[in-house]
Amino acid sequence: QVQLVESGGGLVQAGGSLRLSCTVSGRTFSFYSMGWFRQAPGKEREFVAAIKWSVGTTYYADSVKGRFTISRDNARNTLYLQMNNLKPEDTAVYYCATRNGGSYNDPGNYDYWGQGTQVTVSS
């Protein structure tokens, strides 16, 4: 019954911005840590950002640090990823997921995933 639905992806020029959203149903959202991952064609799924359930501590991949911001609205069961100063290298399908424990940057520690939303950054 757990569902995650991403939205907000699209086509944007380099230097532009997008905000991704992820709505969660079927579980108590505020009690679970959340993360964003991305996957480009022919590449492994890679960690982007994560946020803890308890105090809102955040973590970022070095490639996006300073440009992306992860946040959550527990009242709306929604996770966000604000992406600024986008680069062509950011082009990928972006996924949100719930974490069940372990290291924040390991996709194996996430149990439920959305279907993804495409982000394409042109030069």
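The values are calculated or read from the model by the stated rules, or taken from the named source; none is laboratory data. This one's a predicted model, so the numbers in the text were calculated from it and none came from an experiment. With ideal geometry, Cβ positions are generated from the backbone for all residues, glycine too; neighbour counts draw on all protein chains shown. Calculation scope for accessible area: heavy atoms of the full protein, side chains included, ligands and nucleic acids excluded. Shrake-Rupley method; radii C 1.70, N 1.55, O 1.52, S 1.80 Å.
General observations
- The mean sequence separation of alpha-carbon pairs under 8 Å and at least six residues apart, normalised by the residue count of the range 18-123, gives a relative contact order of 30 percent.
- Treating r as the C-beta distance of residue 25 and residue 103 and R0 as 25 Å, the FRET efficiency rounds to 0.45.
- If you wrap the Cα atoms of the range 1-84 in a convex hull and average its projected area over all directions, you get 6.2 nm².
- Label-point separation in nm, residue 85 to residue 54, each point 7 Å along Cα→Cβ: 3.2
- Accessible surface, per residue, of the range 69-123 when the full set of protein chains is kept, probe 1.4 Å, Å²: 49
- The share of accessible area on the chain that comes from carbon and sulfur is 44 percent, using a 1.4 angstrom probe.
- Multiplying the residue separation of residue 76 and residue 122 by 0.36 nm and subtracting their alpha-carbon distance yields 13.3 nm.
- Applying 1/(1 + (r/R0)^6) with r as the Cβ-Cβ distance of residue 46 and residue 2 and R0 = 30 angstrom yields a FRET efficiency of 0.85.
- Centre separation in Å (Cα based) which lies between the range 98-112 and the range 4-74: 13
- Shape call, the range 42-123: gyration tensor on alpha carbons, a/c limit 1.5: prolate
- Of all lysines in the structure, the ones whose alpha carbon falls short of 19 Å from that of residue 52, not counting any fewer than 8 places away in one chain, are 65.
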